[in-house]
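Below you'll find the structure, written out as structure tokens, and then a few comments.
The values are calculated or read from the model by the stated rules, or taken from the named source; none is laboratory data. What you see is a predicted model, and the numbers here were worked out from it, not measured in a lab. For neighbour counting, all protein chains shown are included, and Cβ atoms are generated from backbone atoms with ideal geometry for every residue, glycine included.
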Amino acid sequence: MVKKKRAEIEEIKACPECGSTRLIWDYERGELICQDCGLVIDDTYIDQGPEWRAFDPEQREKRARTGAPLDYTAPDKGLSTMIGWKNKDSYGKSIPTRNRAQLYRLRKWQRRIRVGGASERSLAPALSELDRIASDMGLPRNVREAAAMIYRRAIEKNLIRGRSIEGVTAASVYAACRQTGVPHTLDEVADSSKVDRKEIGRTYRFLARELGLKLMPTSPQDYIERFCSELGLSEDTKTKALEILRQAEEKELTSGRGPTGVAAAAIYIASILCGERRTQREVADVAGVTEVTIRNRYKELAEQLDLDVVL
């Protein structure tokens, strides 16, 4: 109810009496007032912020009375506590030797009770593998959390049964990359996960169908930023590559062709036209395609778009 009321107040952009947009908040009285005519537009505003102030991050951390946000990449979502490995009490004093055996047993049982049922026990190694794949691929935090959410939904719907944890984890990472707009190819995921490319693709299609994931097909434009960055190309070359792809789409030269191959060919042409020549081998290594693919796509684009490329 409070959130609904607050949303209604925030939608007020102008004074209903005089039409002025100069509105001010009086936080002491909880009122929204028109600065021109003095009309009290609303007098039931509730300040949702804390009652204390902080002037630096350390002070904010000390005064906050809430914990960290949920971490979906951890099996317990970051809610459980841990008994520290140091043999010291809350005052920093060393724990007597006679009590250390008891503390060791407490640590052991605390680790065991962190994980509940069988599903949670299988979740721990899966999320550990997910984190390893994401680290190897250099994926950002939001992609890791999206992959963890997809895997958790798969467990809830009992989609893991009969499939390898590694395969479902790799498929979740690939789906998360597609979902968050951080494009990576199946070959890249397969190289990091050590799972066969076909198995990842098959599991990914199964998860997308069963979980109702609405994912748009990747386009060559999605790869331009990353490929140009890895090749050390300038902004002008990247802009030129995007322009070539736009012209190619207008003439329907990209349909039915692999997006990475088309993107690599556009970058190869743009690097020559902008005086930052890169070899076909260099572009092929970054894009994960063969030199033959780049040559075929390069010839198609150069001929159809009338590009004067001097090799």
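Observations on the structure shown:
- Condition met for Y223 (touching a Phe, Trp or Tyr at 6+ places or on another chain (Cβ under 8 Å) and in contact (Cβ under 8 Å) with a residue 12 or more places away in the chain): no
- Tally, over the stretch 247-265, of residues that are of a type in the set (A, V, I, L, M) and within 28 Å of the chain's Cα centre (by Cα): 4
- Some residue of the stretch 193-214 being closer than 20 Å to A124 by Cβ, in contact with a helix residue (DSSP H, G or I) (Cβ under 7 Å, 6 or more places away or on another chain) and of a type in the set (G, A, S): yes
- Only one entry in T185, T203 is hydroxyl-bearing (S, T, Y) and at pLDDT 90 or above, namely T203.
- When each of S172, S192, S255 is tested for being crowded, with 20+ Cβ neighbours inside 10 Å and either among the polar types (S, T, N, Q) or not assigned by TED's automatic domain parsing to the domain that holds T279 (or both), the lone residue that passes is S172.
The rows are residues; the columns are (1) closer than 30 Å to I150 by Cβ; (2) part of a loop (DSSP other than H, G, I, E, B).
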| site | (1), (2) |
| --- | --- |
| L207 | yes, no |
| S219 | yes, yes |
| R226 | yes, no |
| E230 | yes, no |
| T237 | no, no |
| A270 | no, no |
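- Within the stretch 130-151, the residues that satisfy the criterion of being surrounded by fewer than 20 Cβ atoms within 10 Å (Cβ to Cβ), more than 18 Å from K214 (Cβ to Cβ) and either touching a strand residue (DSSP E or B) at 6+ places or on another chain (Cβ under 8 Å) or not aliphatic (A, V, I, L, M) (or both) are D131, R132, S135, D136, G138, P140, R141, E145.
- Checking S193, S255 one by one, the residue that is at pLDDT below 90, small (G, A, S) and under 29 Å from T73 (Cβ atoms) is S193 and no other.
Every residue, every condition in (1) of a type in the set (S, T, N, Q); (2) in contact with an Asp or Glu (Cβ under 8 Å, 6 or more places away or on another chain); (3) closer than 22 Å to A134 by Cβ, yes or no:
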{"residue": "E199", "(1), (2), (3)": "no, no, yes"}
{"residue": "G212", "(1), (2), (3)": "no, no, no"}
{"residue": "P217", "(1), (2), (3)": "no, no, no"}
{"residue": "I224", "(1), (2), (3)": "no, no, no"}
{"residue": "L233", "(1), (2), (3)": "no, yes, no"}
{"residue": "E249", "(1), (2), (3)": "no, no, no"}
{"residue": "E252", "(1), (2), (3)": "no, no, no"}
{"residue": "S255", "(1), (2), (3)": "yes, no, no"}
{"residue": "E282", "(1), (2), (3)": "no, no, no"}
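- Among the residues here, T237 does not qualify as among the hydroxyl-bearing types (S, T, Y) and surrounded by fewer than 20 Cβ atoms within 10 Å (Cβ to Cβ).
- Scan of the stretch 84-118 for residues that are in contact with a helix residue (DSSP H, G or I) (Cβ under 8 Å, 6 or more places away or on another chain) and modelled with pLDDT under 75, ordered by number: W85, V115
- Top-ranked residue of the stretch 28-80 - restricted to ones that are of a type in the set (D, E) and surrounded by 12 or more Cβ atoms within 10 Å (Cβ to Cβ), ranked as modelled with the highest pLDDT: D36
- Selection from the stretch 195-234 of residues that are hydrophobic (A, V, I, L, M, F, W, C) and surrounded by 15 or more Cβ atoms within 10 Å (Cβ to Cβ): V195, I200, F206, L207, A208, L211, L213, I224, F227, C228, L231, L233
- Taking the criterion of being hydrophobic (A, V, I, L, M, F, W, C) and under 21 Å from H184 (Cα atoms), the residues of the stretch 228-275 that qualify are C228, L231, L233, A241, L242, L245, V262, A263, A264, A265, A266, I267.
- Sole exception among (1) of a type in the set (S, T, Y); (2) modelled with pLDDT under 85; (3) exposed (fewer than 14 other Cβ atoms within 10 Å of the Cβ) for S122, by number: (3)
- Counting the residues of the stretch 145-187 that are more than 18 Å from the chain's Cα centre (by Cα), not in a helix (DSSP H, G or I) and not β-branched (V, I, T) gives 7.
- Any chance E303 is exposed (fewer than 13 other Cβ atoms within 10 Å of the Cβ) and of a type in the set (D, E): yes
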